[in-house]
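*Asks:* The structure is given below, and queries will be raised subsequently.
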Amino acid sequence: MREQQQIDYEGQGFLVVEGALSADEIQSIGAAFETAASVEALDDLPNQDNAFIHLAEHPILFPIIHGIMSDDVAVRSLKGTSMDSGAEGRGWHREVASMLGVNHTTSNMCTQLFVFLNDCGEEDGGLTIVPSSHLFKADTPFPDITRIEDMPNHLPMRLKAGSALILHGNMWQARMRHEGESGLRWLEYAYIHCWMRQALPELSSRARATMESTGNLAVLFGVTPERRYWDATVTGYSSSNGLPTRRYSPLSSVGKGIEPNH
């Protein structure tokens, strides 16, 4: 994770990674997506094709996710979204709204990864966000609006096929009504910490075998034999304590003038 990416993520709450997937990846994953959609299994992707499992540790995208979430990162859920022309959206919400007792403005309990499988043009619906809203205090009043498009400072995400959006789970986000002629398709992965509850479907023996084939996939999907979920960590990456990375002055310095953070 580059320094500028860290600054952008902490300040704005999101990152866009252009061209994360190759043309071959777009084609193969797109075909697997269409097969799953044809049997109405977009909420059961781990059991539909191994490509969705391996994408959780994508060589371009996962190192950024790991840098944000820390060594104890895990997959909470993965699903697909398909919006045909005229499809309704979803109102403004935060992914972590149900996680009570957490100061989400200074924590990072969830990071979302959206991988786009076709272009989202200027006339299309799709995802829209309010940049930097992950820093809003819990008691910040919600604007008095009636339409998704009335949200002040919202930013529609117009991304190309193969690009990805990495989003802080505390960000205000919505899905606009899709008026474009072509359908919209994307994948959504939610990453949490290994000691948090996952929301995966019941896994088939094939899916479990794929996940257990490498240590990191086993950790990410919570199928480690020991079930020691509270101290499972991924390996092979520079160690990360996650973001935000903050250091505080020692208690002994309080009331004694200015001391550097360390």
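Where a number appears in this text, it was derived from the coordinates with a stated rule and is not lab data. All values reported here derive from a predicted model rather than from experimental measurement. Using ideal geometry, Cβ is built from the backbone for each residue, glycine included, and neighbour counts are taken over all protein chains shown.
*Asks:* Among GLU181, GLU57, which comes first, then next, by fewest other beta-carbon atoms within 10 Å?
*Replies:* Lowest count first: GLU181, GLU57.
*Asks:* Given R₀ = 41 Å, FRET efficiency for ASN103-GLU202 by Cβ-Cβ distance, to 0.05?
*Replies:* 0.75
*Asks:* Right, here's the next one. Using a 10 angstrom cutoff on alpha carbons, build the Gaussian network for the chain and name the most mobile of PRO156, PRO244, PRO59.
*Replies:* PRO59
*Asks:* For the range 100-164 and the range 190-206, compute the distance between their C-alpha centroids and round to whole Å.
*Replies:* Between the Cα centres of the range 100-164 and the range 190-206 lies a distance of 24 Å.
*Asks:* How do TRP172, TRP92 line up, fewest other C-beta atoms within 10 Å first?
*Replies:* TRP92, TRP172
*Asks:* Determine the relative contact order of the chain: mean sequence separation of Cα pairs under 8 Å and six or more apart, normalised by residue count, in whole percent.
*Replies:* That works out to 31 percent.
*Asks:* Please give me the summed charge of the neighbours of ASP124: other residues whose Cβ is under 13 Å from its Cβ, Lys and Arg +1, Asp and Glu -1.
*Replies:* So the surrounding residues net to -1.
*Asks:* Please identify which residues in the range 150-187 have an amide N closer than 20 Å to a label point set 7 Å out from the Cα of GLU18, following the Cα→Cβ vector.
*Replies:* Flagged as within label range: 155-167.
*Asks:* If I stretch the segment between SER82 and SER132 completely, what's the gain in nm (0.36 nm per residue apart, minus their alpha carbon distance), one decimal?
*Replies:* 15.3 nm
*Asks:* Something else about it: Provide LYS79, LYS137 in ascending order of the number of other Cβ atoms located within 10 Å of each residue's Cβ, fewest first.
*Replies:* LYS137, LYS79
*Asks:* Which residue fluctuates most in the GNM of the chain (Cα springs below 10 Å): GLN112, GLN173, GLN12?
*Replies:* In the Gaussian network model the winner is GLN12.
*Asks:* Kindly state, to the nearest 0.05, the FRET efficiency for GLU25 paired with THR224, given R0 = 30 Å and r defined as their beta-carbon distance.
*Replies:* Step by step, r from the Cβ atoms, then E = 0.65.
*Asks:* Right, another one. Rounded if a/c is under 1.5, else prolate if a/b beats b/c, else oblate: with a ≥ b ≥ c from the C-alpha gyration tensor eigenvalues square-rooted, which is the chain?
*Replies:* Because a/c hits 1.5 or more and a/b fails to exceed b/c, the chain counts as oblate.
*Asks:* FRET efficiency for ASP119 and ALA209, Cβ-Cβ distance as r, R0 = 30 Å, nearest 0.05?
*Replies:* FRET efficiency, ASP119 to ALA209: 0.30.
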